[in-house]
Structures are given as structure tokens and as C-alpha cells.
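Following: one structure in C-alpha cells, then a few remarks.
The values are calculated or read from the model by the stated rules, or taken from the named source; none is laboratory data. Just so it is clear, the model here is predicted, and its values are computed rather than measured. Quick reminder, even Gly has a Cβ in these numbers, built from the backbone with ideal geometry, and neighbours come from all protein chains shown. Please note that ligands, DNA and RNA were not included when accessible areas were found on the heavy atoms of the full protein model with its side chains. Shrake-Rupley method; radii C 1.70, N 1.55, O 1.52, S 1.80 Å.
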Amino acid sequence: MKAEFVVACATACPLIALAFCYIYPLLVDFSQINKTHCHVYNFLPSVSATISYNPLTSFFWFMLILIHTPFRFILAKYLHDFYKTQFSHKIPEDYVPFAYKTDYLKLTSVRKQIFFAYQINKVEIIGLFILSMFTSNSNYDMHKLGFCTYLISASMFKILVLSIESRLKIEKLPNCYDVRKKLAIAFALSFISAICLFTIHNSNCVYYVYSFFGLSEIILILSNITFHYWTINLMRKIYM
């Protein structure tokens, strides 16, 4: 299967789902979708609110996430294989002279990071699937579990990938370190902003706080999708 097609399906589906689930409720029922327990004016809802707006948005979101899931697993395998290829046969493992001991230990550390990054990437995909299967209206506890799993694993995955690709950059091997570092920073800032804004929203009814929380969620999702999309530049080296 061509890497371009895999990346396109893995990234386009959640983008289309996100766009539809925001645009449709805002056009059809702007006031209702932005209504919260605070009863203050807002111009943008949260992601969970748009997904669970009605059966149509819930079904549309879930179906596109369902379609994209196998492609995400394939993309995760492609990235794992790419990293393994880049760090294979650098130093013989059966005999390590003292002069190469430090390099060998670094290589062993990177290989462990590659393994854990692959596993955590799969956990992220499963977390996204769970939060999509159970909306906040139908089963809040399962939706919360999936959401937390998705956020934590996505954060851990980025840290590991940046560590791996920094090593690729040092060794002048194909990498997307600079771009992915910026995307990871955007993800982290939007994550922190979302937590702060959600806390403020629940404790104090302030105008627009809920909307900026929703905006932080959008930036978080878009930065995460783009982070995965940049895998295509690595895939071109070995699969295309």
C-alpha cells in the first residue's frame, strides 16, 4: 500500500470529521451548541459538544474515525520500521570495544525509545477510537477515559519521537525534527491552555472562556494531525 495513500486516509478523515462536526451545528443551531451551565455568551463550542450534538454528528465522526483507524495503525508500523532501519547495524552487538561503549549505549537507548514510541502510538489510536465510540452524552466515563488516554499517549509519543529524531538529526539522517518540534510545542501550549480554560470555565462563569477552550482543543487536534502527517516526508525515503 502506497505511503501517500495511507497518510492521506490517516489524516484527512479526522480533519473532515472535525470540520463537519463544527460547521454543521454552528450553522443549524448556533445558540444551542454554545449553551453551557454558565448561560454566558460563547461563539465556539468544545469538540465533545460538537460530536455529541445529535445522532448525525456522532455517527459521522465515529464512521470517519473508524475508517481512519486501520490506516493509523499502518502508518505507525511504517514509522516504526523506518526508525528501526535507520538505527540498524550501526555497531555490532556481539562485540563492543571500549571505544564504542558510549555510542553503543546511546544506540541501545534509541532502540528502546523506538519500541516504546510504537506501543504508545497504538495506545493513542485506541484512545481516540474509544472517545469516538462513546460520546460525552451517551457514556461520559468511557468518553473521559478515551480522551485522557488519547491526550497522555499523544504527549508521550511526541516526546519520544523528538528524542529519536534529534538523534537522526545529529547523525545527519532523514528527519523532521525542526518541524515536529514546533508542532509539539503548539500541542503542549494548547494542551496547557485547554486545562487552564476548562478549570476557569467550571469554577467561574466568564464570557468567551468556553469558546477559547474549544479553540485550544481545535489547535491541539490540528497540531497532532499535522505531526503525524509529516511522517510522509520520512516515508518517501523508503516506501516511495
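Would you mind finding the one in SER88, SER48 that is modelled with pLDDT of 85 or more and polar (S, T, N, Q)?
SER48
Working only within region 49-71, note down all residues that are more than 22 Å from ALA12 (Cβ to Cβ) and either touching a strand residue (DSSP E or B) at 6+ places or on another chain (Cβ under 7 Å) or open to solvent by less than 30 Å² (accessible area, probe 1.4 Å) (or both).
ALA49, SER52
Per-residue answers, yes or no, for (1) within 28 Å of ASN233 (Cβ to Cβ); (2) surrounded by 20 or more Cβ atoms within 10 Å (Cβ to Cβ); (3) not aromatic (Phe, Trp, Tyr):
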position: PHE129; (1), (2), (3): yes, no, no
position: THR135; (1), (2), (3): no, yes, yes
position: TYR140; (1), (2), (3): no, no, no
position: HIS143; (1), (2), (3): no, yes, yes
position: SER155; (1), (2), (3): yes, no, yes
position: ILE159; (1), (2), (3): yes, no, yes
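Being open to solvent by 40 Å² or more (accessible area, probe 1.4 Å) and hydrophobic (A, V, I, L, M, F, W, C) is the filter; apply it to region 73-88 and report the residue that is nearest to ASN224 (Cα to Cα).
Among them, the one singled out is PHE73.
Return the pair list, or none, for Cβ contacts closer than 6 Å from residues in region 196-217 that are more than 21 Å from LEU26 (Cα to Cα) to residues that are surrounded by 15 or more Cβ atoms within 10 Å (Cβ to Cβ) and at pLDDT below 85, at least 6 apart or on different chains.
CYS205/CYS38; CYS205/VAL40
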